[in-house]
Structure formats: C-alpha cells, structure tokens
Number of protein chains: 2
Amino acid sequence: MKPLFAEPELLSPDLLPKGYEFASTACGLKANGRPDLALITSDTPAVAAGVFTRNRVKAAPVLVSQEHLRVAGGIRAIIANSGNANCATGASGLATSRATTAAVARELGCSPEEVLVCSTGVIGVPLEVGKILGAIPRLAQDGIRSTDAAARVARAMMTTDTRPKWSAASFRIGGRQANVLGFAKGAGMIHPQMATMLAFVVTDAALARPVAQSVLSGVARRTFNSITVDGDTSTNDTLLLLANGASGCPALRADGTEYRRFVKALESVCQELALAIVTDGEGATRVAEIEVRGAPSDVAAEQVARTIATSPLVKTALAGGDPNWGRILAAAGRAPLAKGASFDPARVDIRLAGTIVCRRGEAHPFDENAVHEKLLERHVPVVIDLKSGQGRATIWTCDLTTEYVHINADYRS
Amino acid sequence: MKPLFAEPELLSPDLLPKGYEFASTACGLKANGRPDLALITSDTPAVAAGVFTRNRVKAAPVLVSQEHLRVAGGIRAIIANSGNANCATGASGLATSRATTAAVARELGCSPEEVLVCSTGVIGVPLEVGKILGAIPRLAQDGIRSTDAAARVARAMMTTDTRPKWSAASFRIGGRQANVLGFAKGAGMIHPQMATMLAFVVTDAALARPVAQSVLSGVARRTFNSITVDGDTSTNDTLLLLANGASGCPALRADGTEYRRFVKALESVCQELALAIVTDGEGATRVAEIEVRGAPSDVAAEQVARTIATSPLVKTALAGGDPNWGRILAAAGRAPLAKGASFDPARVDIRLAGTIVCRRGEAHPFDENAVHEKLLERHVPVVIDLKSGQGRATIWTCDLTTEYVHINADYRS
C-alpha cells in the first residue's frame with residue numbers, strides 16, 4: 001500500500017508548476033471565519049478536462065463548469081468556495097454560479113466561459129453570492145506563485161476535513177522538468193462515481209485536449225473512484241485538470257515513454273489525494289484496503305469490493321479491530337453482480353492484515369489476539385480471493401466510528 | 001403509520017392458534033446463560049411455506065430447511081437456536097443442522113424432513129451441536145400450549161434484540177375463529193431481500209400448500225422486505241409459515257372474502273413483527289417511514305426509498321433530529337434506477353413529519369425548530385414526491401446512532 005498522505009509542508013518549491021498563481025480568503029460563508037474562497041489562475045489559457053458526479057441531482061456549479069468546459073477554447077481560472085454547495089438552489093443557484101465566473105473573468109480580462117466554478121458545503125441553502133462577488137477583486141490581485149499560497153488554497157476548500165490535502169509529482173520530457181500539483185477536499189458524503197468531492201490538478205506540461213480528458217477519466221477510475229467513506233455520492237463531485245504548457249516541454253502525445261511518465265505522475269498525485277480523503281474520512285481512525293481477487297471479471301471484483309467497503313457491519317468491526325471475517329463474507333455474498341457473474345462461497349479465502357482467517361468459506365484457525373493487534377494499525381490490508389476467475393479490484397474505505405455519527409447528527413441543528 | 005410494536009404481555013390466550021406447543025431452554029450456546037434454543041411443534045403435520053435469504057452465502061440451516069420444505073408432505077416442528085448462525089461452517093455445519101432435525105424427529109416420532117431448523121448469531125464459528133442435541137429430549141417433553149411458553153420462544157430467539165417480538169391476529173371462517181401467531185428476531189444485519197433474520201408464523205387455519213407459499217411471498221414483500229436497519233442482508237434470513245388446520249375451519253382457497261380476511265390477519269402480524277425489528281434496530285432511537293410517491297414505477301419508487309433508507313447521512317441526520325432534506329434529495333439522486341426510469345430533481349417535493357421543506361427541488365421556508373421537535377419523536381414520516389409517475393413504495397428504517405457503532409465494534413472482541 002502507498003504511504004499515507006504527506007503533510008503539505010513537505011512540498012518543495014521546485015515542484016510548483018510554472019504559470020499558475022494561487023489566492024484564498026475568508027469571505028464570510030463559514031460562520032467560524034475560516035478561509036472559504038480560493039482562486040487558481042493560469043497565466044495563459046490551459047487545456048482542461050473534468051470528471052463530474054453521476055448523481056442525477058447536480059449542483060449549479062457542476063452544471064456551469066460542464067457547460068464552460070464544452071464551449072471554452074482554454075481555461076484561465078478555477079474559483080471554489082466552501083461552506084455552501086449551491087445545490088438544490090434552482091434558477092437562482094445557476095445565476096449565482098454564472099455571476100461568480102463573470103466577476104472573475106472581469107478581473108482577469110477573459111470571457112466567463114474561461115472560468116470554472118466549484119462549491120462545497122451544505123445542500124439546499126441559498127448561497128450568499130454577494131460575499132463572493134465582494135471578495136473577488138482583491139482575490140484576483142492577491143494571486144502569487146508560492147507553496148504557501150498553494151497550501152492556503154487547500155485550506156480554503158475544507159469543510160469537515162481535518163487536514164488540507166495536496167500532492168505533487170514531477171517528470172521529465174525532452175530534458176525539461178514538468179510538474180503536477182493536485183488539491184482535494186472531502187471527508188464525508190464520499191462515494192465518488194466519477195470523481196470526488198472536489199479535486200484540482202494543475203500541470204505545466206502541454207497536452208492536447210482529447211488526451212487530457214481520456215487520461216483523467218482513466219486515472220479517476222483507479223484513484224478517486226476507488227475510495228468510499230459512507231457510500232453517499234455527493235451532488236458536487238468534481239475533478240478538474242489544467243495543463244498550461246508553461247514548462248516549455250514539447251506537447252505530450254497519447255503514446256510513448258513520456259506520456260507514460262505523465263500518467264504515472266498524475267496517477268501518483270490523484271492516488272495520494274484519494275487516500276488523503278479516505279484517511280480523513282469523517283470520524284475515521286484507520287483505512288482498510290479491500291482487495292478482491294479471483295472474481296469472474298474486474299467489474300464483479302469491484303462490485304464485491306464496494307459492497308464490503310460500504311457495509312456498516314464491516315466498517316464498525318474495523319473500528320473495533322474485530323477480526324470478524326463472517327461479516328466480510330456475508331457482505332460479499334449480497335453484492336449485486338451482473339447476471340451470469342457469480343462465485344461459490346465455499347471457495348472463498350479471506351486474509352486480514354496478512355493472516356489467513358477463512359479458507360474455502362470456513363474458519364481457518366488463527367491467533368485472535370495477534371490479528372486484533374494488527375487490525376488496530378492505521379492501515380489494514382484485507383484480501384478476499386473468490387477463486388472464480390481473474391478479475392481484480394481494490395477499494396479503500398475507512399472505519400465507521402461513533403465520531404462519524406457525532407459529526408453528522410450535529411451538522412446543522 | 002401503524003402503532004409501534006405491542007409488548008408480548010398484551011397477547012390474549014384466545015389468540016393462541018390451536019394444535020401448537022411451545023418450549024425453550026438455555027442450552028449453553030450463549031455465554032451469558034440466557035435462553036438460546038426454542039421448539040415449536042404442531043400436533044399434526046402442517047402445511048408449510050418459507051421465504052429465505054437471497055444472499056449467495058447461505059447458512060447450513062437455510063439449506064437444510066429449504067430441502068425439507070421441498071420434500072416433506074407436512075411439517076411437525078421448527079427448532080431454532082440463537083448464539084451461533086451455523087454459517088460458513090462447511091460440510092460439518094450441514095451435518096450439524098441435519099443431526100438437529102433428526103434428534104427432534106426422534107422425539108416426535110416423525111421423519112427428519114418434517115422438521116425445519118434455524119440458527120442465528122455469529123458467523124463462521126463451529127456450532128457446538130452437542131449442547132443442542134443434549135437439550136432436545138427435555139425440550140420436546142416441555143412443550144405446552146400457553147402464552148407464557150410462546151413468549152419464552154420469542155426470548156430464546158434473541159441476539160442483540162432488546163425485546164422479544166411477537167404478534168397475533170384472528171379472523172373468522174364459516175362461523176369459526178382461526179388464529180395467526182408470529183415470532184421474529186432481528187436488530188442488526190437487517191436488510192431483508194426475501195424475508196428477515198428469523199420469523200415464524202403459525203396458524204390453525206387450513207390452507208393448500210401453493211396458496212400458503214404465494215400468500216407468504218406477497219406478504220413478505222410488503223412487510224419484512226420493506227425494512228432496513230443497516231443495509232446488510234443476513235445469511236440466515238428465514239420466514240416460515242405453518243398452517244395445521246386445527247381450528248376446524250374449512251380450508252381456505254385463493255379467492256373470496258375469507259381468503260382476504262386471512263391475508264389481512266397474516267399481513268397485520270408480519271407488519272407488526274417487521275416494525276418491531278426496525279424499532280429495535282441496533283442502537284435505534286426512532287423509526288422513519290420513507291414513502292416515495294410519483295415514481296416512474298413501483299420498482300423505481302422502492303429503489304429510491306431503499307437508497308434513502310440506507311444512507312448513513314440520512315440516518316445520522318435522523319439521529320440528530322436534523323431537518324437536513326438536502327441529504328435526502330442527494331440520496332434519491334444517486335439511487336440506481338433501471339435504464340429509462342428517471343426523474344427530474346427540479347420537480348421533487350419533500351415533506352418531513354408533515355411539513356413541506358423542499359418544493360420543486362428547492363428549499364421551501366419552514367419553522368426549523370418546530371420541525372426539529374417533530375423529528376425527535378419515535379415515529380417520523382418522510383414523504384418524497386418525485387412527480388414523475390404513479391409508482392409508490394414505503395421502506396421503514398431506523399436512525400444510525402453512536403450506540404449502533406458501540407454494539408457492532410464490540411460484538412466479538
């Protein structure tokens with residue numbers, strides 16, 4: 001398993017992509033006065049790609065950003081607020097998101113379509129757009145290219161997150177270095193179907209637009225779409241990629257060594273951000289890596305892994321460090337599989353934190369105390385081998401604790 | 001909504017079906033010495049029907065009872081233990097269930113196929129069948145027809161249940177009274193796909209076998225299959241119906257007034273037991289009735305209702321009495337619907353405890369404190385009108401509290 005989330009202070013200045021500036025502020029959307037508005041700008045129009053929620057309830061900023069990605073030739077900025085999701089807010093919510101992109105465009109001297117907008121926070125409460133519009137002129141002037149400013153962007157995106165989340169990687173093309181820097185937020189309502197709550201990745205590599213979209217979709221499936229906190233798919237899930245080419249590297253094509261280096265850097269950044277989200281899952285104390293092998297297909301493996309990863313009984317057992325593999329087997333048994341894809345419960349092996357506890361669907365003797373101790377670590381690998389094919393999938397999930405209930409029973413009232 | 005679960009002491013002796021006896025004991029499967037073995041016998045072979053879990057991991061007693069129902073001409077007894085599910089126990093688990101039915105058959109002087117067997121408790125631990133076999137001779141002698149003995153059967157079925165669950169109803173056929181008495185257990189791993197954890201209904205009405213099975217399947221769908229505690233479908237779900245005809249009433253046929261009276265009595269008993277289970281959901285403090293109207297079809301309505309009813313964010317908001325309807329709308333938006341079945345989020349109305357809080361997909365002003373107070377009651381009706389058709393469904397769910405986490409994080413270790 002990859003090492004968990006690295007703290008932001010570890011970011012080295014020479015990993016900052018060229019040609020981007022960062023700014024953030026507290027415009028008053030969060031009652032506690034914390035930062036709640038962030039702006040990322042590209043000096044030149046960047047090639048952009050996006051992956052958005054599959055929830056049929058889509059927030060206004062999702063609809064506006066999707067439209068702008070379709071029509072704009074390039075993207076100059078991403079503006080994001082926390083404290084309010086601007087979702088289930090009807091026509092006035094759409095007007096709010098449009099006014100926000102127009103205000104940013106005015107400051108940058110570009111068209112509103114060149115600005116993407118994201119919101120995160122409570123659903124169904126009208127967004128006080130005046131606070132955002134009032135803050136934009138100053139925000140646009142404040143933008144600088146520094147690791148500190150980038151760290152503050154990650155903070156301004158937080159809602160119930162306990163830590164800001166970013167990740168960086170670099171790779172070389174034609175003798176030059178290109179960088180990839182990603183930001184994410186998310187701790188609850190995490191069960192991404194196409195992306196996660198909010199994540200932005202900027203690179204100074206040069207990419208063609210179709211390449212950008214296809215690589216982002218593939219990476220999203222293996223990273224953000226492979227985590228879950230509570231099985232609840234958000235209405236605002238958005239993953240955006242900007243590529244402005246400011247590194248001076250030659251444009252990447254969808255093949256060759258250099259392309260593979262870029263995909264590897266992008267996937268490393270997205271993977272780290274995705275793990276940072278599940279590690280910071282609301283109330284979570286540990287993360288389980290649910291790996292399903294030997295499934296009839298990769299899709300079936302993913303369905304089994306996802307059912308296990310969202311089972312409240314599995315997640316509470318994980319909270320207690322309880323080697324209760326019967327709950328894992330029962331969850332696998334109820335996984336919805338496509339017609340024809342099945343498995344024989346009497347062949348299943350289960351390994352908890354490296355110890356085999358179930359062999360051929362039955363108890364296999366193990367040292368309960370020793371496994372209990374290993375289950376109390378922050379990282380718990382769980383391997384389920386269905387012995388029914390070659391399909392594989394891995395889903396990361398966190399434990400379900402009393403703290404999750406406290407956070408969510410007290411969110412508004 | 002129906003009144004919640006009535007306590008067992010309210011059962012009147014003249015509601016006891018004729019021709020059945022009840023016995024229970026503590027045979028030592030439960031470490032705390034509580035009753036863990038129950039026997040229901042019919043004086044004569046009863047017509048029987050069963051509805052079982054759809055989990056592809058099926059416990060040994062489920063497989064044995066399914067087989068016996070297929071081959072037996074009539075059923076003389078149901079033997080049920082708590083404290084161990086006899087699931088994921090392989091060939092020796094099957095031998096255990098068979099030995100149990102054989103031991104009961106020996107005492108009753110019938111064939112093993114005339115005995116049904118059920119188990120509930122922890123998964124994956126070999127069942128100490130010696131304890132059960134040792135207790136059976138005495139258990140078979142102890143059987144009597146009394147409300148006290150029936151109440152003790154309900155107690156011996158309990159695992160994490162805090163209350164025994166039974167329900168009774170009567171109806172008249174051709175001038176005679178026939179009775180229906182049902183027992184159930186279940187508090188966690190509750191998301192029945194065909195039945196619930198364990199429920200037994202006995203009647204002294206006379207029924208043909210095909211009638212018994214079809215009426216039971218229909219009633220199960222509207223009652224036990226319409227509740228959820230945690231979305232986890234058990235490996236042992238079993239609902240059994242015995243009809244021995246001891247009332248002396250003429251046999252019921254699948255039409256006519258008297259048949260409808262029977263279905264009504266059976267449904268009333270199953271409904272009350274199902275609500276008793278969800279009310280006693282692990283850690284639950286209240287029950288929400290999630291009613292979806294205006295869906296493209298009844299199936300779509302059920303999928304939306306089920307997605308809302310299993311959302312951890314909806315269930316924690318319910319725990320806090322938080323009128324956070326945005327979480328309900330977001331859950332509806334991610335419900336998996338069949339191709340072609342959809343709805344427009346911008347038409348959805350949501351009513352919490354009688355108060356409209358969302359109209360046409362947007363916030364509708366309401367008195368937050370007043371609704372909060374109503375959400376703290378034990379029964380919370382929630383109505384979601386999709387305005388996209390005539391489909392309807394109702395699912396009952398309980399809140400997700402810190403106590404649920406305590407119960408399940410501490411179950412074994």
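Results, tabulated for the structure shown:
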quantity	calculated
Selected residue (only one of A:SER167, A:SER97, A:SER119 is surrounded by 24 or more Cβ atoms within 10 Å (Cβ to Cβ), at pLDDT below 90 and assigned by TED's automatic domain parsing to the domain that holds A:LYS30)	A:SER167
Residue match in the stretch B:189-198 (condition: surrounded by fewer than 21 Cβ atoms within 10 Å (Cβ to Cβ), modelled with pLDDT under 85 and either out of contact with any helix residue (DSSP H, G or I) (no Cβ under 8 Å at 6 or more places or on another chain) or more than 15 Å from B:LEU16 (Cβ to Cβ) (or both))	yes
Output for the stretch A:1-41, where each listed residue is among the small types (Gly, Ala, Ser) and modelled with pLDDT of 95 or more	A:ALA23, A:SER24, A:ALA26, A:GLY28, A:ALA38
In the stretch A:68-93, the residues that are free of Cβ contacts under 8 Å to residues at least 12 places away in the same chain and more than 14 Å from every other protein chain (Cβ to nearest Cβ)	A:ARG70
Output for the stretch A:57-84, where each listed residue is part of a strand (DSSP E or B) and among the aliphatic types (A, V, I, L, M)	A:ILE75, A:ALA77, A:ILE78, A:ILE79, A:ALA80
All positions within the stretch B:227-283 that are of a type in the set (D, E, K, R), part of a helix (DSSP H, G or I) and within 28 Å of B:ASN86 (Cα to Cα)	B:GLU272
Selection count where residues are farther than 19 Å from A:LEU181 by Cα and either over 19 Å from the mean Cα position of the chain (by Cα) or hydrophobic (A, V, I, L, M, F, W, C) (or both), scope the stretch A:41-55	1
Answer from A:ASP255, A:ASP322, A:ASP280 - the residue that is among the acidic types (Asp, Glu), in contact (Cβ under 8 Å) with a residue 24 or more places away in the chain and under 30 Å from A:SER65 (Cβ atoms)	A:ASP280
Residue satisfying all of: in the stretch A:122-151; within 14 Å of another protein chain (Cβ to nearest Cβ) and either outside any loop (DSSP other than H, G, I, E, B) or not hydrophobic (A, V, I, L, M, F, W, C) (or both); surrounded by the most Cβ atoms within 10 Å (Cβ to Cβ) among these	A:GLY124
Flag if A:ALA169 is within 22 Å of the chain's Cα centre (by Cα), part of a strand (DSSP E or B) and either free of Cβ contacts under 8 Å to residues at least 60 places away in the same chain or more than 23 Å from A:THR228 (Cα to Cα) (or both)	yes
Subset tally (residues that are in a strand (DSSP E or B), surrounded by 24 or more Cβ atoms within 10 Å (Cβ to Cβ) and within 14 Å of another protein chain (Cβ to nearest Cβ)) for the stretch A:41-56	0
Of residues in the stretch B:375-388 being hydrophobic (A, V, I, L, M, F, W, C) and part of a loop (DSSP other than H, G, I, E, B), the one surrounded by the fewest Cβ atoms within 10 Å (Cβ to Cβ)	B:LEU376
In the stretch A:389-413, the residues that are more than 11 Å from chain B (Cβ to nearest Cβ) and either in a helix (DSSP H, G or I) or not charged (D, E, K, R) (or both)	A:GLY389, A:GLN390, A:GLY391, A:ALA393, A:THR394, A:ILE395, A:TRP396, A:THR397, A:CYS398
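Yes or no, residue by residue, for (1) β-branched (Val, Ile, Thr); (2) buried (at least 23 other Cβ atoms within 10 Å of the Cβ):
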site: B:ARG163; (1), (2): no, no
site: B:ALA178; (1), (2): no, yes
site: B:LEU181; (1), (2): no, yes
site: B:VAL202; (1), (2): yes, yes
site: B:ALA208; (1), (2): no, no
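The values are calculated or read from the model by the stated rules, or taken from the named source; none is laboratory data. Every value quoted in this text rests on a predicted model; they were computed, and no experiment measured them. Quick reminder, even Gly has a Cβ in these numbers, built from the backbone with ideal geometry, and neighbours come from all protein chains shown.
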